[in-house]
Amino acid sequence: MSDSQWPPDEVPEQPAPSRPARRAMSPRRRRGPLVPTLVVLGALAFLATGLAEVWTEVLWYRSVNFSGVFTTTLLTRIGLGAAAFVLVGGLVWSSLYLAYRYRPFYVPQLGANESLEQYRDAIEPVRKVALFAIPGVVGALAATAASGQWRTYLAWVNQEPFGKTDPHFHKDIGFFVFTVPWLQALIGVLTLALGAALAAAAFTHYIYGGLQLPGRGSSTRAAMVHVGVLAALLALVRAGSYLVDRYALATKDAPLMTGIRYTDAHAVLPTKIILAVAALIVALLFVAAIFTHSWRLPMIGVALLVVTSVVVGSVYPAIIQSVKVNPSEKSLEAPYLQKNIEATRAAYGLDRVQVQPYSAATDATAGKLRNDAATIPGIRLVDPIVVPPTFKQLQALRTYYTFPDALDIDRYQIDGKETDIVIGAREISLDGVPAAQRGWLNDHTFYTHGYGLVAAYGNQRKPGGEPVFAVGDLPPANTLGEFEPRIYFGEQSPNYSVVGANPGEAPRELDYPDSKEEEVKNTYAGTGGVPIGSVLRQAAYAVKYREVNFLLSNAVGSASKILDHRRPLERVQRVAPWLALDGNPYPAIVDKRVVWIVDGYTTSANYPYSQMENLTTATSDSTTARATSVAALRAGQVNYVRNSVKATVDAYDGTVRLYAWDEADPILKTWMKAYPGTVSKTSEISGDLMSHLRYPEDLLKIQRLVLSRYHVTRADALFSGNDNWRVPNDPAQEDRSVFQPPYYLTLKMPGQEAPSFSLTTPFMPSGDRQVLSGFLAVDADAGSQAGTKADTYGTLRLLELPRDSNVKGPGQVQNDINSSNTSSPGFSTFPLSVYLNNNRQQGSRVTLGNLLTLPVGGGLLYVQPVYVSASAESAFPLSRVTVVAFGDKLAWSDTLERALNLLFEGESGAPVEDPGTPTTPTQPQSNEEALAAALAEMKAAFEDGKKALAEGDFAAYGKAQERLQQALDTAIAAAPGGAQLDLTPSGTPSGSATSSATPSD
């Protein structure tokens, strides 16, 4: 009998413990304060970090006037997470609580129950903790998953109809794009909630004896009701899942096509109804079990549902496919393939492609290009992927300035004429700062910004092969007009910079070094950035960036601002998290400011019947493989895409603006409802900005990949695949496994009245044939200074060559160039292949530029610049040769005009104003005097170049190289037998001393 059973007055009196016993029974020694202190400090640090992150985010969004994006997104995520936590955690908690609350009071200790008693004894010490810990953990997992569905929820709540129905269910496309994904997400959460609650209830009832296995006793009524109701609800959710899965079949992806096929329509869809009814019956059986007090029928129902799902859901459709469809697949699948064609062309914007048969001529006769005299002078000879090192050597001026490794193409009005230029921003790069000058103060308060743009004419080069710069040097020569040159927000900007100064303080931010070895400095006066004058804000950023200098440095004052999240893509993504962004933002001078232009896409993977494509694969090419400044899209699998937004980021103050570009896009309308006031109308785009907008490369990359199959409009042609095309691999690269990028060119397509700025790409037949099958050009010029969107913008013009055409494709032309035995009269007596190989053998680097394709002269003209650079580390590529091909003929020379004239029997018919044409040096009366003067000039230019290189003055170095080249030309002409000296294999006169930093020519 225990003490608790004694009457109070009969409890035995305990003897008082002796003094030693008292000491033995004294409480344990108290723990020191170290552990609790560390726990408290850790909790405070975690809390401070979280608060600093949230507060600095609020400050940043407020600084760019997009606070609504932050609050809407945050509240939506919190709301969804809280709802999921309460639903899932609440159901699990209630299952544990109710199962324990209604446990049987007496459980016979026989057989298996004896083992359960041991489990109960083990659980009892932690039962109260587990009652809240288990629901908390499961609820937190559900909350994390649910909060990640915030885009799905906002799109569903704010959905706009497409105004177009799918061809099978006849529901608005918006139902599939917005509603079906939300229903799937909701079913997933409900399945998790009910499944976890059912597992918790069954486990607890079983442990405490309320739930018995068949044949081992009877379950309590409480257990029957509890488990039966939860199982019935789970079966109902499963029935709903089968019904929603019917609509998901409209975007089912398969090798032949995306969408509902014959087997789906005649076997899978009916079985989904059967399975839904079966799941509903199972739910009723679980309810009935409450009254029959037996699990036999619901267990049989579950078993039959599993068998039915296998037989009816998998076996039966497989039989239909193999027995009925496969023998007559072409005819049976034809109606579904036709739906797939129409939906795919509409979803990718290919339903407006203008197809024109084009029987390309191959005879290169005299005067062939006379009708294309307006196109030929605009051929771009400067490759934006090859010339970045040249830009850096000639225009970086200091090691801490850099240019992207892929420059951009744009158009500007110069001398009243629209001109294609190659442009790049001169940005600051902390990697180029000498190690001795690195430190928090210099990195974040001195080297804060880049300075200026550098732009070269796309169709011009100097006699030495250098680009002709329209804008360059420091301070910049403003051929393109006055503009704010400072680049505080760019692709290479430091992670963060602290700028600004109190009135009267000397500027501390480097603008640029001047020619007198002095530094021109500046104090940031823009509206961008977050003010951090208060100690509290400084402390918040000190916590965020783990940097105590925010609190200690005297460079952080009451007027200071912090510029962070500075890269254009990052800024746009943060204010428009619903957009997929083009991987190549480009700078432009707009309204006297440098702005970054970013193309934004709305995408979906739920457009019924439209073919699924992987955007990363579609937008990868040789440019993304070689250049880190250009990235492929990361939106995954999609089957709908629109360039719905044009975004700009001001390079000086970081202002982000979003402009609706495709105002009819229902997905854009949906997000404009979700985030009101964030996207401006197309009409608000200024005329200056409109003139620099262009058709985005990534969009055409996606469209051309889809068009390689879907240029056909008949189901039988798509099924056979005999007319499939492919995007050519880039023949100019050693790794020919990557796609050739599309090229911006100003050209006139057949039927056009005048040349227009276009984005172009060729096609080849699928398989091993290396001939051309098509040529696509899209009008890329968005508009003019008038500020209105051009009517022809986005017009897709496809030239379709006959199937039996033998017009050479890019790969064949490149092989012809690499193995050509054609010489260049007046430039080199050696064949082209020998000229290229000799340069390589003598240590020079030969780089093949972009192989351009132009539909001119009734055929296809190929043009490729060839660059040569010396092997020295400081050398840079210079354009030395231009190769042209038409039909089976190929020609090359030092200028485009000469090459074309050689190709077309002495006269192309389209004179080219090529500033790259070398002029014959004026010679003194005596060849000896001329040779001596030339050698002296060579020596002086060489010494000047060495001095400029040592000082890091690349502009002066480039000018010295021009002088060296001109003097070399003069020396060759004056030397005995000089006419022959110019025709050596390497292009360098025998025995002459050539600078190691100068490419041989």
Note to self: Assuming 0.36 nm per residue, please report the length gained on full extension of the stretch ILE274 to LEU75 beyond their Cα-Cα distance.
What the structure shows: 67.6 nm
Notebook entry, point to check: So what is the relative contact order for the chain, in percent, with contacts set as C-alpha pairs under 8 Å and at least six apart?
Noted result: 12
Check: Around TYR412, with a cut-off of 13 angstrom between Cβ atoms, what is the net charge of the other residues, counting Lys and Arg +1 and Asp and Glu -1?
Finding: -4
Check: Which residues make up the longest stretch of the chain clear of chymotrypsin sites (Phe, Trp or Tyr not before Pro) that lie in a DSSP loop with no more than 11 other Cβ atoms within 10 Å, not counting the sites?
Finding: 107-1001
Item checked: Partners for LYS946 among lysines (Cα-Cα distance below 19 Å; same-chain residues under 8 apart left out) -> LYS392, LYS516, LYS959
Checklist line | HN-Hα J in Hz across region 721-735 - Karplus 6.51, -1.76, 1.60, θ = phi - 60°, x for Gly and Pro | finding: x, 5, 10, 5, 10, 8, 7, x, 6, 6, x, 7, 9, 5, 8
Note to self: Tell me the mean residue ellipticity at 222 nm calculated for the chain from its helices only (DSSP H runs of n ≥ 4, each -39500 (n - 2.57), averaged over every residue, nearest 500).
What the structure shows: -12000 deg cm²/dmol
Check: Which of the aspartates and glutamates could a cross-linker span from LYS272 if the Cα-Cα distance has to be under 17 Å and same-chain partners fewer than 8 positions apart are dropped?
Finding: ASP245, ASP264
Next item on the list: Mind listing the long-range amide H neighbours of GLY859? Cut-off is under 5 Å, sequence gap 5 or more, other chains count too, H placed in the peptide plane at 1.01 Å from N.
Entry: ALA361
Next item on the list: Would you mind ranking MET299, MET257 by Cβ crowding within 10 Å, fewest neighbours first?
Entry: MET299, MET257
Next item on the list: Determine ³J(HN,Hα), in whole Hz, for all residues of region 354-368 in sequence, where each value follows from phi through the Karplus function 6.51 cos²θ - 1.76 cosθ + 1.60 and θ = phi - 60°; x replaces Gly and Pro.
Entry: 9, 8, 9, x, 9, 8, 6, 6, 10, 8, 8, 9, 4, x, 4
Margin query: Students often forget the sequence filter, so: which lysines lie under 23 Å Cα-Cα from LYS330 once same-chain residues fewer than 8 apart are removed?
Written below: LYS252, LYS339
Note to self: Using Cβ contacts closer than 10 Å as the measure, can you line up THR678, THR829 from fewest to most?
What the structure shows: THR829, THR678
Note to self: Over all directions, how big on average is the projection of the convex hull of the alpha-carbon atoms in region 533-642, in square nanometres?
What the structure shows: 10.7
Checklist line | Rounded, prolate or oblate (a/c below 1.5 giving rounded, otherwise prolate when a/b exceeds b/c) for region 392-451 by Cα gyration tensor | finding: prolate
Next item on the list: Taking the Cβ of each residue in ASP665, ASP405, ASP888 as the centre, tally the other Cβ atoms inside 10 Å and list the residues starting with the fewest.
Entry: ASP888, ASP405, ASP665
Check: Compactness ratio of region 567-693: Cα Rg over 2.2 N^0.38 Å, N = residue count?
Finding: 1.07
Check: Counting every Cα pair in region 393-521, what percent are over 23 Å apart?
Finding: 37
Notebook entry, point to check: Counting Lys and Arg as +1 and Asp and Glu as -1, what is the net charge of the other residues whose Cβ lies under 15 Å from the Cβ of PRO531?
Noted result: +1
Margin query: For a quick check: with amide H placed at 1.01 Å from N, whose amide H comes under 5 Å from VAL883's, ignoring anything fewer than 5 positions away on the same chain?
Written below: GLN864, VAL866
Item checked: region 167-310: Cα Rg divided by the 2.2 N^0.38 Å rule of thumb -> 1.26
Check: Which whole-number percentage describes the relative contact order of region 387-494, with Cα contacts under 8 Å and a sequence gap of 6 or more?
Finding: 26
Next item on the list: Would you pull out the residues with amide H under 5 Å of SER824's amide H, same chain only if 5 or more places away, H placed 1.01 Å from N?
Entry: PHE830
Next item on the list: Tell me the trypsin sites (Lys or Arg not before Pro) within region 436-505 that lie in a loop according to DSSP and have at most 15 other beta-carbon atoms within 10 Å.
Entry: ARG438
Check: Mind checking the log10 I(q)/I(0) for the chain at q = 0.06 Å⁻¹? Debye, one equal scatterer per Cα, no solvent, two decimals.
Finding: -0.62
Next item on the list: Filter the DSSP H helices in the chain by two things, a Kyte-Doolittle mean of at least -0.5 and an axial alpha-carbon span of 18 angstrom or more, and list the hits by number.
Entry: 34-63, 67-84, 127-147, 180-207, 221-248, 269-292, 296-310, 697-710, 927-951, 954-974
Notebook entry, point to check: In this model, which of LYS164/LYS673; LYS701/LYS748; LYS669/LYS701; LYS164/LYS669 are farther than 18 Å apart at the alpha-carbon?
Noted result: LYS164/LYS673; LYS701/LYS748; LYS669/LYS701
Margin query: From the phi angles alone, apply the Karplus equation (6.51, -1.76, 1.60; θ = phi - 60°) to region 675-687 and give each ³J(HN,Hα) in whole Hz, x where the residue is Gly or Pro.
Written below: 10, x, x, 8, 10, 7, 6, 4, 5, 8, 6, 6, x
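Values in this text are rule-based calculations from the coordinates and carry no lab data. Nothing here was measured: the structure is a model prediction, and the numbers come from that model. Neighbour counts are summed over all protein chains in view; Cβ atoms, including those assigned to glycine, are modelled from backbone coordinates with ideal geometry.
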